[in-house]
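Asks: One structure follows; several queries about it will come next.
The values are calculated or read from the model by the stated rules, or taken from the named source; none is laboratory data. No experiment lies behind these values; they were computed from the predicted model shown. Here Cβ is always computed from backbone atoms with ideal geometry, including for glycine, and neighbour counts include all displayed protein chains. Side chains are part of the model used for accessible areas, which takes the heavy atoms of the whole protein and leaves out ligands, DNA and RNA. Shrake-Rupley method; radii C 1.70, N 1.55, O 1.52, S 1.80 Å.
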Amino acid sequence: MIGKEQQEIINQYSDTIIHYIDNQQKLTQMKSDVIIKLNEVTQVHFLKNQEKAQRIKEEFEQTKLIQKKLDEYIERINSITNTIDGMESSVDHIEIILRRLEQKLSEVEKIKQ
């Protein structure tokens, strides 16, 4: 049989084991709670980042549309500039022709006199 002292030591040992197991369960629960909370926070941040990414994508698409419009306007301006340059060249050519005509008319006038 087990003596009284040995029974007390066994009881203390079993109480210590039970206390250790309780502490381990509490510790495990705390770790689990922390992981759950971190997961919730991570999900919130993920959703916020997804929204930001979507806004950036929409802004990028708008910027692309604006750039396309600007490119169209620049193309029109270049076309108008080319037309104006062509007209100026034509005006210069017409001026030369007019000067020659004036010279010929002047020569004709001299011959008439």
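Asks: Leaving ligands, DNA and RNA out of it, work out the accessible area of Leu65 with a 1.4 Å probe and give it in Å² to the nearest 10.
Replies: In the full protein context, Leu65 sits at about 120 Å².
Asks: Taking the Cα centre of the chain as the origin and placing charges on Cβ (Lys, Arg +1; Asp, Glu -1), which of Ile84, Asn39, Gln54 is farthest toward the positive end of the dipole?
Replies: Of the listed residues, the answer is Ile84.
Asks: Taking a probe of 1.4 angstrom, what is the accessible area of Lys69 in Å², to the nearest 10?
Replies: 100
Asks: Then there's this: Hey, of (i) 29, 24, 9; (ii) 30, 18, 9; (iii) 106, 10, 5, which did the structure itself give for semi-axes √(5λ) of the Cα gyration tensor in Å when calculated?
Replies: Correct label is (iii).
Asks: While we're here: Averaged per residue, what accessible area in Å² does the chain show with a 1.4 Å probe, protein chains only?
Replies: On the way: 11140 Å² over 113 residues.
Averaged over the residues of the chain, the accessible area is 99 Å².
Asks: For the chain, what does -39500 (n - 2.57) per DSSP helix run (n ≥ 4), summed and divided by total residues, give at 222 nm, in deg cm²/dmol to the nearest 500?
Replies: Numbers: 1 runs with 109 residues, N = 113.
Theoretical 222 nm ellipticity from helices: -37000 deg cm²/dmol.
Asks: Using a 1.4 angstrom probe on heavy atoms only, work out the carbon and sulfur share of the accessible area of the chain in %.
Replies: Working: 6640 of 11140 Å².
C and S fraction of accessible area: 60 percent.
Asks: Follow-up question, since we're still on this one. If each residue of separation counts as 0.36 nm, what is the full-extension length gain between Gln62 and Ile80 once their alpha-carbon separation is subtracted? Before the final figure, lay out each step's value.
Replies: Numbers: separation 18, 0.36 × 18 = 6.48 nm, distance 2.70 nm.
Contour length minus the Cα-Cα distance gives 3.8 nm.
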